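Asker: Let me give you the structure first, and then I'll get to my questions.
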């Protein structure tokens, strides 16, 4: 099963890299395409901070290095957990694979350009969700799968009771 889980991570990474390349080469910075008026646009934005723009305005010279270091540590942890959990195709394994692919996608941007390309923007009137990308989506879906597994799956001791 390991190869399928790592294949999921590779598909996420490939899709993330391709969509970011496409946006970077087809739209100028801050340009947008309205997909659903009043709700969804494709834009070209770049985030120098962490998720949802956290630390984006920080002038610290350590910001990028710390974000990269945190990402690398998280990748090692996710890889170790994925390696352990890859005996069967479970929501835990799929969640970890999605997180791995997304984390590598955003780390790639951070190492190469010190910022992450974001292009999906949902909004209602003046209220906007921060722009995000395929990697961010995979990380969130993966985390939700892990939370679902923790909250709704019975442990072996509960199942035998």
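The values are calculated or read from the model by the stated rules, or taken from the named source; none is laboratory data. Since this is a predicted model, take the numbers as computed values, not measurements. Heads up, the Cβs are rebuilt from the backbone with ideal geometry, glycines too, and the neighbour counts pull from every protein chain shown.
Asker: Within the stretch 39-47, is even one residue modelled with pLDDT of 75 or more, within 17 Å of the chain's Cα centre (by Cα) and in a helix (DSSP H, G or I)?
Answerer: No: the stretch 39-47 contains no residue that is modelled with pLDDT of 75 or more, within 17 Å of the chain's Cα centre (by Cα) and in a helix (DSSP H, G or I).
Asker: Something else: Looking at this structure, is residue 141 modelled with pLDDT of 95 or more and either over 27 Å from residue 37 (Cβ atoms) or part of a helix (DSSP H, G or I) (or both)?
Answerer: yes
Asker: Filter the stretch 1-16 down to the residues that are within 15 Å of residue 133 (Cα to Cα) and either in contact with a strand residue (DSSP E or B) (Cβ under 7 Å, 6 or more places away or on another chain) or in a loop (DSSP other than H, G, I, E, B) (or both) and list them by number.
Answerer: Those that are within 15 Å of residue 133 (Cα to Cα) and either in contact with a strand residue (DSSP E or B) (Cβ under 7 Å, 6 or more places away or on another chain) or in a loop (DSSP other than H, G, I, E, B) (or both): none in the stretch 1-16.
Asker: Ok, one more. Among the numbered criteria (1) at pLDDT 90 or above; (2) in a helix (DSSP H, G or I); (3) under 14 Å from the mean Cα position of the chain (by Cα), which one does residue 118 miss?
Answerer: (2)
Asker: How many residues does the stretch 81-112 hold that are farther than 17 Å from residue 69 by Cβ and either under 10 Å from the mean Cα position of the chain (by Cα) or in a helix (DSSP H, G or I) (or both)?
Answerer: Counting residues in the stretch 81-112 that are farther than 17 Å from residue 69 by Cβ and either under 10 Å from the mean Cα position of the chain (by Cα) or in a helix (DSSP H, G or I) (or both) gives 17.
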